[in-house]
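Worksheet: the structure to be examined is printed underneath.
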Amino acid sequence: MPGKKIGLFGGTFDPPHFGHMLIAQEALHECKLDEIWFIPVSTPPHKERDVTPGYARLEMLVRAIEDEPKFYVSDAELKRSGRSYTVDTVKHFAETYPSHEFFFIIGGDMIESLGEWKDIETILSLVTFIGVDRGGHTDASPHYKDRVQHLDLIQVDFSSTKIRERVQESKPIRYMVPDKVDTYIQEGGLYGSKTSVRTR
């Protein structure tokens, strides 16, 4: 069976929102990928705040993508637990699915710091990066330039941080996250939600 071109999309997804879905859609289309695999991290290496438990972030992602047949969710990093390093993730997928070609989706602000990543040369031997350009970010160093595909993105000016703040302030998030994610947040009381059930 021939291999597929797979986009690996890692992050905390706390919560997943339409900006994430837009990135995945554009990478799928513009880079001619077959599938996008969302990978919620266990413990991000550079995040100082506590993240929502993995099972909740996993469930929100499952709900967010269930109507898109080319989107999948992997719990590989949650099962591994501990600090989530990209090199461990890409090695896992490359070894588990040797016939596939893998691409790793990152924000444009991360492209210029690739030289600082843990075991970057190993990562570059296993994946091609897709750098999502949200405006104003510099290019990769010449050493890594050939291993980064650039993806221009429609601007979406909100983030998971902003969504969590809005929930804490009892402000609506309906048009920022998929409805099923909104429902899960409200029913689970995540992010300091004041209501137990969303009403319309």
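If a paramagnetic tag sat 7 Å from the Cα of E95 along the Cα-Cβ line, which residues of the stretch 55-82 would have the backbone N under 19 Å from that point?
74-82
So if R0 is 25 Å, what FRET efficiency would S81 and D34 give, r being the distance between their Cβ atoms, rounded to the nearest 0.05?
Details: r = 29 Å, r/R0 = 1.16.
Once the sixth-power term is evaluated, E becomes 0.30.
Of the listed pairs K5/K118; K4/K32; K70/K171; K5/K79, which have alpha-carbon separations greater than 20 Å here?
Pairs exceeding 20 Å: K5/K118; K70/K171; K5/K79.
Per 10 Å bin from zero, what fraction in whole % of the C-alpha pairs of the stretch 48-108 is there, up to the bin with the longest pair?
Calculated over all Cα pairs of the stretch 48-108, the distribution is 17, 44, 37, 3 percent.
So if R0 is 30 Å, what FRET efficiency would T128 and K162 give, r being the distance between their Cβ atoms, rounded to the nearest 0.05?
0.50
Rounded to the nearest whole Å², what accessible area per residue is found for the stretch 10-117 with the 1.4 Å probe?
That works out to 48 Å² per residue.
Rounded to the nearest 500 deg cm²/dmol, what is the calculated helix-only ellipticity per residue at 222 nm for the chain, with -39500 (n - 2.57) per DSSP H run of length n ≥ 4?
Value at 222 nm, helices only, nearest 500: -10000 deg cm²/dmol.
The values are calculated or read from the model by the stated rules, or taken from the named source; none is laboratory data. Everything numeric here is computed off the predicted structure, so don't read it as measured data. Virtual Cβ from ideal backbone geometry, glycine too; neighbours counted across all protein chains shown. Only protein heavy atoms, including side chains, enter the accessible area calculation; ligands, DNA and RNA are left aside. Shrake-Rupley method; radii C 1.70, N 1.55, O 1.52, S 1.80 Å.
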